[in-house]
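Structure, as structure tokens:
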Amino acid sequence: KNFCFKFLFEDENYIKSQIIGVGIKVGDSVPYYIDYSKNDIKLFREKFIEYFESDEIEKYGHMMKMDIFALLKLNIGIENMVFDTMIGQYLLNPAQSNYSINELGKEYLNIYGEDLEELLGKGKSKKTYKDLSINARAEHISQTLDLVHGIREPINRLIEEQGMTQLYYEVELPLVEVLANMEYYGFKVDLDVLNQLGEEFQGEIDNLTTEIYALAGKEFNINSPKQMGEILFDELKLPVIKKTKTGYSTDAEVLDKLKGQHEIIEKILKYRQMVKLKSTYIDGLINLVDKETNKIHSSFNQTVTNTGRISSTEPNLQNIPIKTEEGRMIRKAFVAEDEDYILVDADYSQIELRVLAHISKDPKLMEAFYHDEDIHTKTASEVFHIPKGEVTPLMRNRAKAVNFGIVYGISDYGLSKDLNISRKEAKEYIDNYLKNYEMVKRYMEDIIKTGKKEGYVETILNRRRYIPELKSRNYNVRSFGERIAMNTPIQGSAADIIKVAMVKVFQELNRRKLKSRLILQVHDELIVEAFKDEVEEVKSIIKDIMENSIKLDIPLKVDLNTGDNWYESK
């Protein structure tokens, strides 16, 4: 009735790899190994599809996202997945740096198996799986299965003891399948759009280069901090802000402080911005487009952040710039699969501030969300003691910085830098905020006390984050711990909410047998590639689930948009 399995991959980049070994442990029987080097997919499907797609047989394993992805490539579904030891350990210790099966075997069973480096070697003499004998492959994969089988129960027991059963079985475990499917389907990229943008950006870089040379009075290597420093401080006689061991510093902080002192500064900042956009987000993305699918198949990581947020790598789609129009233009290259589909973008409105209102129970903050007021205008009105109608855009912007800064435990120094104002003025803003939202202030004080007493803080679904920094004798380290304590229940609860929504949206689209599919999550935003005949149904599903996935004391609000590309839908 239970079925522990693991695939052996040809290389770590499993999206392009071939499976060359399959290990199966049925119940407590001896692990069963198939040599898969002949890549006989037909035979494999015939023998195992009924097991994987049976809802009566329990499946468990380690790092199962990779295994589910491999099954999807073979057009095999998976039913009744009951445990993933890696995800379980992540909940127990989100700060752990290594979740390998051997590390967990050592921790729980005092057994340390042969790791990949020992098995394959390293450097020029590194082998591939295909170089290993069938017996060596079978022994390695069988050992892995035995470790998974042995550590499952102690991990599960600790999850139950720490009150995270619901979080594990209803959120994190089903999310494994969701992320595997998102990676498998990927996001279509229009290479013509990327190439065109690349040409435009290069043209802008060339123009800026000419202008910088003219302002400097000579040509030099703009990308060389040494030459840049000589031009700014020796030739143009600008005030020296900071020095390094090798000369003048020309980092972003220095250039920011020099703004307004010479026209060349703005040109250099723009040049650096355009070079980064071109190299990272144009050239970088082009290199990562899969030549077979014309899609980007990002990796979504479930066990990286301490707060519970999902991260994205190769490429990091959560990091596509949004603050500048040039950065936003890159989203035009991300398109629906074909003319039968359209993108539906659903974005939580101010979810972290809503979570703060729910956790702190502050009546003024809750009232603003109950009446769907503009929270930043309301805060500006309260902090500056003026009617809402007299709030200027500058006041609203400063109140917005305070609102979001409070969520991250911002200091008067941090706020003064963000708003380019004095520390005294920044402190006044924060003090006024905390006088006005008294329950927020109490929450911040209480959560630090809780963190110091318990050694950890929790989200609304009991996700834990341990904070040893709170007991540090070093003031800076301890202050960092206090900011973590204040922020984690808010950011972590927002992560809980979006994960619940992802699981429910994925399951509901499947339950209704719709062609539409969830393809991306970016912070508080979900993107569904919707079949055009299903758009209205999909929008209704997403809005209902996201706004009701977890009930807070104040309403959650979702903004919905559609478009043929990510730029339009966002």
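Values as computed for the structure displayed
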{"item": "Residue list for the stretch 48-67, restricted to those being more than 27 Å from Gln89 (Cβ to Cβ) and of a type in the set (D, E, K, R)", "result": "Glu50, Glu53, Glu56"}
{"item": "The lone exception for Pro174 - which of (1) over 23 Å from Lys332 (Cβ atoms); (2) outside any helix (DSSP H, G or I) it fails", "result": "(2)"}
{"item": "Residue match in the stretch 540-554 (condition: touching a Leu at 6+ places or on another chain (Cβ under 9 Å), hydroxyl-bearing (Ser, Thr, Tyr), in contact (Cβ under 8 Å) with a residue 60 or more places away in the chain and open to solvent by less than 30 Å² (accessible area, probe 1.4 Å))", "result": "no"}
{"item": "Helices (runs of 4 or more DSSP H) completely within the stretch 267-368 that count 2 or more residues being under 30 Å from Tyr437 (Cα atoms)", "result": "351-360"}
{"item": "Matching option when the condition is open to solvent by 20 Å² or more (accessible area, probe 1.4 Å), out of contact with any Lys or Arg (no Cβ under 6 Å at 6 or more places or on another chain) and not basic (Lys, Arg), among Ser298, Ser279", "result": "Ser279"}
{"item": "Of all residues in the stretch 182-206 being closer than 20 Å to Gln302 by Cα and touching a strand residue (DSSP E or B) at 6+ places or on another chain (Cβ under 7 Å), the one that is surrounded by the fewest Cβ atoms within 10 Å (Cβ to Cβ)", "result": "Tyr185"}
{"item": "Per-region count, the stretch 449-464, residues of a type in the set (D, E, K, R) and in contact with a Leu (Cβ under 7 Å, 6 or more places away or on another chain)", "result": "2"}
{"item": "Test for Asp234: is it part of a helix (DSSP H, G or I) and open to solvent by 10 Å² or more (accessible area, probe 1.4 Å)", "result": "yes"}
{"item": "Filter result (assigned to a helix (DSSP H, G or I), open to solvent by less than 40 Å² (accessible area, probe 1.4 Å) and over 18 Å from Ile351 (Cβ atoms)) within the stretch 373-398", "result": "Thr377, Ala380, Ser381, Val383"}
{"item": "Tabulated pairs, the stretch 475-492, first more than 10 Å from Gly409 (Cβ to Cβ) and open to solvent by 10 Å² or more (accessible area, probe 1.4 Å), second outside any helix (DSSP H, G or I) and among the basic types (Lys, Arg), C-beta under 8 angstrom, 6+ apart or interchain", "result": "Gln491/Arg309"}
{"item": "Residue within the stretch 452-460 that is at pLDDT below 95 and aromatic (Phe, Trp, Tyr) present", "result": "no"}
{"item": "Residue match in the stretch 300-310 (condition: farther than 30 Å from Pro174 by Cα, modelled with pLDDT of 90 or more and of a type in the set (Lys, Arg))", "result": "no"}
{"item": "Of the criteria (1) more than 27 Å from the chain's Cα centre (by Cα); (2) at pLDDT 90 or above, which one Ser416 fails", "result": "(2)"}
{"item": "Of all residues in the stretch 135-174 being over 16 Å from Glu103 (Cβ atoms) and β-branched (Val, Ile, Thr), the one that is modelled with the lowest pLDDT", "result": "Ile141"}
{"item": "Subset of the stretch 185-231 [outside any loop (DSSP other than H, G, I, E, B), polar (S, T, N, Q) and modelled with pLDDT under 95]", "result": "Gln227"}
{"item": "Breaking point among (1) touching a residue at least 60 places away in the same chain (Cβ under 8 Å); (2) more than 21 Å from Tyr169 (Cβ to Cβ); (3) in contact with a helix residue (DSSP H, G or I) (Cβ under 8 Å, 6 or more places away or on another chain), for Leu109", "result": "(1)"}
{"item": "Verdict on Ile410 being among the aliphatic types (A, V, I, L, M), assigned to a helix (DSSP H, G or I) and under 20 Å from Ser493 (Cα atoms)", "result": "no"}
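A quick yes/no check of all residues on (1) surrounded by fewer than 19 Cβ atoms within 10 Å (Cβ to Cβ); (2) touching a residue at least 60 places away in the same chain (Cβ under 8 Å):
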{"residue": "Asp340", "(1), (2)": "yes, yes"}
{"residue": "Leu353", "(1), (2)": "no, no"}
{"residue": "Lys364", "(1), (2)": "yes, yes"}
{"residue": "His371", "(1), (2)": "yes, no"}
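The values are calculated or read from the model by the stated rules, or taken from the named source; none is laboratory data. Since the structure is predicted, the reported quantities are computational estimates derived from the model, not experimental observations. Heads up, the Cβs are rebuilt from the backbone with ideal geometry, glycines too, and the neighbour counts pull from every protein chain shown. These accessible areas exclude ligands, DNA and RNA; they are computed on the full protein's heavy atoms, side chains included. Shrake-Rupley method; radii C 1.70, N 1.55, O 1.52, S 1.80 Å.
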